[in-house]
Amino acid sequence: MTIRLRPHHLLCLLTYVGKGYSPAFTANYDAIAARMAGREPIVIVDGPDDICRPLLGDPDVHCRRAGVRERDAQAAKDVSALLGHSIVPDAAFVLDAPTLGRLRASFAARTIRSACVGCEWSALCSTVADSEFAGVKIVHVR
Ligand code: SF4
C-alpha cells in the first residue's frame with residue numbers, strides 16, 4: 001500500500017511521540033508511523049490525508065481549513081528547498097534514513113519550520129527536537 005501524506009505532515013512525523021487529538025487519531029497515527037518506519041511508499045496529496053482520516057467525520061474539522069493548506073504550502077516550500085526535489089501533489093516521497101536525518105537536523109535547527117507558526121503543538125515539537133527526538137515513534141526507517 002501507499003501512505004498518503006499532506007506536505008506539513010512531513011514535519012509532524014519527525015516529532016510524533018504518540019500525542020494527538022483523540023485516541024482514534026493517535027491509534028491511526030501509530031499504525032502509519034510503523035508503516036513509515038518500514039519504508040512503505042509515500043505519496044504527497046493536496047488536503048486531508050491518511051493521518052487526518054479519523055477526524056474527517058467532523059465537517060468543521062481544522063484539516064479542511066485554508067490555514068492548514070497554507071501550512072502545507074510553507075512546508076512544501078521548505079522541504080523542497082532542503083531536499084532539492086519538488087513536494088507537489090502526486091509526487092512520490094522516499095523517507096529513507098538519510099532523508100529522515102536531514103529533515104530532523106533542519107527541524108532542530110529551525111530552518112524548515114515556517115509551517116509551524118501558530119500551531120498549537122509547536123512547543124511540544126520544539127521540546128522533542130531539543131531533546132534529540134527522544135521518545136519519537138519513528139526512531140529510524142529500515
Ligand atoms: S509544530 Fe505543528 S505543524 Fe509543526 S511539526 Fe509540530 S505539529 Fe506539525
>> So, restricting to helices (runs of 4 or more DSSP H) that lie completely within region 66-142, which ones have at least 2 residues that are in contact with a His (Cβ under 8 Å, 6 or more places away or on another chain)?
In response: 66-83, 97-108
> Looking at region 95-130, which of its residues are closer than 28 Å to residue 22 by Cα and more than 10 Å from the ligand (Cβ to nearest atom)?
Replying inline: 95, 100, 103, 104, 108, 110, 127, 130
>> If residue 7 meets every condition in (1) at positive phi; (2) surrounded by 13 or more Cβ atoms within 10 Å (Cβ to Cβ) apart from one, which number is that one?
In response: (1)
>> Looking at (1) within 15 Å of the ligand (Cβ to nearest atom); (2) crowded, with 17+ Cβ neighbours inside 10 Å, which one does residue 28 not meet, given that it meets all the others?
In response: (1)
> If we scan region 33-47, do we find a residue that is within 14 Å of the ligand (Cβ to nearest atom) and either surrounded by fewer than 20 Cβ atoms within 10 Å (Cβ to Cβ) or not charged (D, E, K, R) (or both)?
Replying inline: yes
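Only the coordinates and a few stated rules stand behind these numbers; no lab work does. Because the structure is a prediction, the values reported are computed rather than measured. Here Cβ is always computed from backbone atoms with ideal geometry, including for glycine, and neighbour counts include all displayed protein chains.
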